[in-house]
Number of protein chains: 4
Amino acid sequence: MIEAAVIGAGRIGRIHAANVAAQSGIRLKYVADVHEASAQELAQRHGAQVADVDGIFGDPAVQAVVIASSTDTHAPLIELAARAGKHIFCEKPVDLDLARARACADAVVQAGVTCMIGFQRRFDPTFAGLQARLAGGEIGDPEMLVVTSRDPGAPPADYIKRSGGIFRDMLIHDFDICRWILGDEARSVHATGSCLSDPAIAAAGDIDSTAVTIRTRRGLLCVINTARRAAYGYDQRFEVLGSRGMLQAGNVRPTEVTAFSGRNVSTDLPEAFFLERYRAAYAAEIAHFVAALVNGGPVRTTIDDGLKALELADAAARSFASGAPVMLD
Amino acid sequence: MIEAAVIGAGRIGRIHAANVAAQSGIRLKYVADVHEASAQELAQRHGAQVADVDGIFGDPAVQAVVIASSTDTHAPLIELAARAGKHIFCEKPVDLDLARARACADAVVQAGVTCMIGFQRRFDPTFAGLQARLAGGEIGDPEMLVVTSRDPGAPPADYIKRSGGIFRDMLIHDFDICRWILGDEARSVHATGSCLSDPAIAAAGDIDSTAVTIRTRRGLLCVINTARRAAYGYDQRFEVLGSRGMLQAGNVRPTEVTAFSGRNVSTDLPEAFFLERYRAAYAAEIAHFVAALVNGGPVRTTIDDGLKALELADAAARSFASGAPVMLD
Amino acid sequence: MIEAAVIGAGRIGRIHAANVAAQSGIRLKYVADVHEASAQELAQRHGAQVADVDGIFGDPAVQAVVIASSTDTHAPLIELAARAGKHIFCEKPVDLDLARARACADAVVQAGVTCMIGFQRRFDPTFAGLQARLAGGEIGDPEMLVVTSRDPGAPPADYIKRSGGIFRDMLIHDFDICRWILGDEARSVHATGSCLSDPAIAAAGDIDSTAVTIRTRRGLLCVINTARRAAYGYDQRFEVLGSRGMLQAGNVRPTEVTAFSGRNVSTDLPEAFFLERYRAAYAAEIAHFVAALVNGGPVRTTIDDGLKALELADAAARSFASGAPVMLD
Amino acid sequence: MIEAAVIGAGRIGRIHAANVAAQSGIRLKYVADVHEASAQELAQRHGAQVADVDGIFGDPAVQAVVIASSTDTHAPLIELAARAGKHIFCEKPVDLDLARARACADAVVQAGVTCMIGFQRRFDPTFAGLQARLAGGEIGDPEMLVVTSRDPGAPPADYIKRSGGIFRDMLIHDFDICRWILGDEARSVHATGSCLSDPAIAAAGDIDSTAVTIRTRRGLLCVINTARRAAYGYDQRFEVLGSRGMLQAGNVRPTEVTAFSGRNVSTDLPEAFFLERYRAAYAAEIAHFVAALVNGGPVRTTIDDGLKALELADAAARSFASGAPVMLD
């Protein structure tokens, strides 16, 4: 029985804690949070104890930590955990600064611990199902990927300011999808964008709408379009054109009710936001992490994947700033 | 904290046990099964004890029992549970014999316990969502209901023989849908059918395909078509025509992948069978049962609903046997 | 070059005239109508002449007539046309009276002319496409057919009174679909129904909603549900369950626009009514008729098909009146 | 009655000729083609005469010409027609050379004739329906447009060589969609692409897959992805995100049959290629041209639209060649 700790008792920490608790083979021993009351409540729900990070890293019984605290704590916590010999599951991003993130990766390698980054989309049943069929050769070789990724509404300007910008904060998931689906690395990245929904976002130095084009080493094309505000909800789709066909990953609906009125035929909007849309994905990624620890296998989304996605985000941010495409080695 | 027992550790008993265990406000204390090993395994998974029914009914700490054992045990167990003052959740049907089922209902009334029958379809997100919108007046008054209900494959002939026939075994769910959606009771029932998929079903005295028409007291129409064998899987749909529109409840798919090949555009088959299709419904019905116990409210699918569905099944069986419609009071 | 006449310059006559005019191999020579002005206008549009029926049947150059006049004129016109040796395309029904319709069929046989009945649905691209795939064995043997057939709104009570009743007027098309798709004749017919939308229909001695079950000689099942009023428009669907799968024929939409609002995801309503829904079918049936005349082959919807559909309508009307199923030989 | 001539009796000329012939208010007087036999056959089908271009432009009775000959003849024919005072419908592109195309536009202005360019997609029922709803404010202001435009297979290398390159030959339609839907002009264009399907295309100096990003003066974004080869057929979709929702234009299917097998649920592939997909659009654009001539109104797709689309194609070609975005005034 692996003993684990969850650091961060916010929205996403609570989801990870519940998914850890529901797994056999692992036991949630500790919950930590800078807000004591949040840690208390979450620990109690799952029969765990409250601890601070020193307590967690100092307890030799703890083999694994789930890092779900704020972005700026990811890097120091990864390094502390690695040095303490704990296996790590960490929410994206590793860090907003690429050099800092690389230092974390080095620490992980030196410590020889497992470190999985929470690119949960790879574990979504629809996305994972598509990828498996693509990998199985169903549509031949991939040639072009079109990713549509839109949030139902923009976060507050305060969040925007600390977010690292839309490319690092929001598109990092889409960059991971690009690498995962095309199975190739970027050669060039071109990014453009606008602030169309809310001047507060521009005032915070960011944009809310982007169009990014990636050309890979083998010449495959990836087009990503994103928006911070889609009035109809959370829109998460991609489609990959292959030499023998196409596979599309569509949105998920809460129900399969279709209504026929005097005006139109309608169905539900997509699941409201990421907590609903990726509920199964969050459970599956934790199950995968635990299985990797129990069975000793590799994890599917490594810290190197985290670095690579961050490199793409950096390149996109530079391209947007300069107006010119950015070449990668 | 309510203490509960699950009787029957088969396929459906295991689902109910897991759903009870996942609820707060209730604790799974006992598991019983005629196969000791099954009971043992299930009890262990959820930290419960194995007991026999006498032990369960004799323990004053037990307030609720979930009956998921074989159909012929439902009636005696309901009566024993009622006399012991336990609240009851029982899988459909109450009994294959209507008089016997009525005796159970009397025992429940006399004991003053809550008795919920497992018509889980009412708790399916799609079906429940449709019903709520219908009840909210979205399409005016219901006028016609078309129910399509098909299994992926017929059960073994042995099961067929003990099943009470297709109308009592399979259509009982559809009869409940009819009453629930139209909000009216049947005035006449006409049933016809055939054995088309497997002569063993005919040899067992049953049919595998039915077409049932119900006309209600207010003149509303319900058409039910069922088949024991649909090569494409489990097909569970209905649609209700109202004075101002129509609402359709469609099948649920495992993923939202769409594939474009050189031949066609394809999506997943529906969820494979009832355990997959109604996973959320099984959880929701147990949550509803527990909430009713905790809060003291009524349950949505009573033993009276069980009787009424059985009356329709009986009427359909008689109509099929005689070739003529059967009138109900 | 075949010379042809269209009798009846109403809504459907105008469609047939245009489709005849657009065919090569046939020339529209005459148009007749009891309203001279309608005939005049239609004739002028297509460079044809106005004539009365005597003139048409008396002109030896005319080889084919298209009968699109009122229902009560179909039988006498078929007989006159047959005696004059003209090939006949006649709108459904042959006649509301079965004996009279049989007399027409006799006249046709004696005259040795081709007589095609306008069951245009068999020529709809979707319906015909489905039938071809079924006939090609794609889903094995057909077992059950579910037909949904709903009009956007009821005709005026005056029309209802002269219509022969909903089974002969509206369901005659659905009965033809049943025979065509299942490839088998009815053994028993059960019909029930209600008047739910408009008391004027009941006052005219008719109903507006029906549920009809047909069991064929081989035991196949067909369930037909119809309504005179669907608030969302013209609803024309059927699905056939086979031993190896299912084929569904869905509605056709004017456009493929999908709208995502803050409330739902919506598409167009189905094509508004039969003139729009079956535009391609009307063209294809006339093309088939002309090709049969030019090439000397048989037509796909014979006067015998017209009789058989009428027999089913009669049986359904008797079943509804008596409340009991009606057996057919 | 307007008298008209069609120049070019190939695939698209035959379609235009048939659509002209089916219009009232216009009469097809002449057909011209460098292949006499093609002209002869087409003229005969519609009761027209064969003529050469001198004969057409010299006949004062001819008021309108439809230019459907090879691309290199468009510019000289437009100029000759303008000087002869004929109204012009010309297939895209005006010319592959922008300066030459501008000279044509000058000639048209000087002559004061109507000149419509065949951007038939604007007349497709689905695309036009979407644009009308967008213009009606249904989704607020447009913010982002995603265009997917894929051919079923690449043309022969010979065609590729004379085509002006994929941006001028294939994407010109998509550039027109961009301007039409966003209602704004491009400020910057970035294009990238690859040759993935057939080395013969690369050998001919072209690519087969492109990803183009346009940012407009108001900061709106447009992403176009195209491929010369989609194994599943002709794929013509776009979607526009607005401040209050999204509108999608989907593909059109030959039939609405859905098949359920033991493997999946499938529907038809999209209409095979542009002749099938845009059949209604070709008819509607000619109807619009004729109506504009008869009623004296403006046409919706002017020669200026042709120039603007060509400017975008030029910019995209330059961007692809240089690797850098191209700014437009």
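If you scan segment A:117-135, which residues turn out to be under 20 Å from D:Ala231 (Cβ atoms) and more than 12 Å from chain B (Cβ to nearest Cβ)?
Residue satisfying the conditions is A:Ala135 alone.
Has segment C:58-67 got any residue that is free of Cβ contacts under 8 Å to residues at least 60 places away in the same chain, among the β-branched types (Val, Ile, Thr), closer than 20 Å to C:Val299 by Cβ and surrounded by 21 or more Cβ atoms within 10 Å (Cβ to Cβ)?
yes
State yes or no: is D:Arg168 of a type in the set (D, E, K, R), under 18 Å from D:Phe273 (Cα atoms) and at pLDDT 95 or above?
Considered against the rule, which asks whether it is of a type in the set (D, E, K, R), under 18 Å from D:Phe273 (Cα atoms) and at pLDDT 95 or above, D:Arg168 comes out as no.
For segment B:169-197, which positions are buried (at least 17 other Cβ atoms within 10 Å of the Cβ) and part of a loop (DSSP other than H, G, I, E, B)?
If the condition is that a residue be buried (at least 17 other Cβ atoms within 10 Å of the Cβ) and part of a loop (DSSP other than H, G, I, E, B), then B:Met170, B:Leu171, B:Asp184, B:Cys195, B:Leu196, B:Ser197 are the ones that fit.
On the given criteria, is D:Thr210 more than 14 Å from chain B (Cβ to nearest Cβ) and within 25 Å of A:Ala324 (Cα to Cα)?
yes
May I ask you to list the residues in segment C:136-172 that are touching a Leu at 6+ places or on another chain (Cβ under 6 Å) and either away from chain B (no Cβ under 14 Å) or within 17 Å of C:Ala101 (Cβ to Cβ) (or both)?
C:Gly164, C:Arg168
Could you go through segment D:212-225 and let me know if any residue there is at pLDDT 95 or above, within 19 Å of the chain's Cα centre (by Cα) and outside any strand (DSSP E or B).
no
Those residues that are hydroxyl-bearing (Ser, Thr, Tyr) and more than 29 Å from B:Asp97 (Cα to Cα), I need them from segment B:35-87; list them, please.
Within segment B:35-87, no residue meets the criteria.
I'd like to know if segment B:133-146 contains one or more residues that are farther than 30 Å from A:Arg263 by Cα, out of contact with any Pro (no Cβ under 8 Å at 6 or more places or on another chain) and modelled with pLDDT of 95 or more.
Within segment B:133-146 (the criterion being farther than 30 Å from A:Arg263 by Cα, out of contact with any Pro (no Cβ under 8 Å at 6 or more places or on another chain) and modelled with pLDDT of 95 or more), the answer is no, since none of the residues qualifies.
Which is touching a Ser or Thr at 6+ places or on another chain (Cβ under 9 Å) and among the basic types (Lys, Arg), of A:Arg100, A:Arg121, A:Arg150?
When all the criteria are applied, what remains is A:Arg150.
What is the number of the single condition among (1) closer than 23 Å to C:Leu275 by Cβ; (2) of a type in the set (Val, Ile, Thr); (3) crowded, with 17+ Cβ neighbours inside 10 Å that C:Ile78 does not meet?
Unmet condition: (1).
Which of the residues spanning segment B:13-69 are touching a Lys or Arg at 6+ places or on another chain (Cβ under 8 Å), part of a strand (DSSP E or B) and among the aliphatic types (A, V, I, L, M)?
B:Val62, B:Ala64, B:Val65
Looking only at segment B:35-44, count how many residues are surrounded by 15 or more Cβ atoms within 10 Å (Cβ to Cβ) and within 12 Å of B:Gly13 (Cβ to Cβ).
5
One line per residue, one yes/no per condition, for (1) surrounded by fewer than 21 Cβ atoms within 10 Å (Cβ to Cβ); (2) of a type outside the set (A, V, I, L, M):
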| position | (1), (2) |
| --- | --- |
| B:Ala200 | yes, no |
| B:Ile214 | no, no |
| B:Arg217 | yes, yes |
| B:Leu220 | no, no |
| B:Arg229 | yes, yes |
| B:Val240 | no, no |
| B:Ser243 | yes, yes |
| B:Met246 | no, no |
| B:Pro254 | yes, yes |
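So which pairs qualify, if the first residue must be in segment A:174-201 and farther than 17 Å from A:Arg300 by Cβ and more than 12 Å from chain D (Cβ to nearest Cβ), the second must be assigned to a strand (DSSP E or B) and not β-branched (Val, Ile, Thr), the Cβ gap must be under 7 Å, and the two must be at least 6 apart or on different chains?
If the second residue must be assigned to a strand (DSSP E or B) and not β-branched (Val, Ile, Thr), the pairs left are A:Asp174/A:Ser149.
When residues of segment D:303-323 are filtered for being under 24 Å from D:Ala103 (Cβ atoms) and either out of contact with any strand residue (DSSP E or B) (no Cβ under 7 Å at 6 or more places or on another chain) or without any contact (Cβ under 8 Å) to a residue 40 or more places away in the chain (or both), how many remain?
10
If A:Arg300 satisfies all but one of (1) part of a loop (DSSP other than H, G, I, E, B); (2) more than 30 Å from C:Asn251 (Cβ to Cβ); (3) of a type in the set (Lys, Arg); (4) without any contact (Cβ under 8 Å) to a residue 40 or more places away in the chain, what's the number of the condition it fails?
Only one criterion is unmet by A:Arg300, namely (4).
The values are calculated or read from the model by the stated rules, or taken from the named source; none is laboratory data. For clarity, every value in this text was computed on a predicted model and none was experimentally measured. No Cβ is skipped: glycine too gets one built from the backbone with ideal geometry, and neighbour counts run over all protein chains shown.
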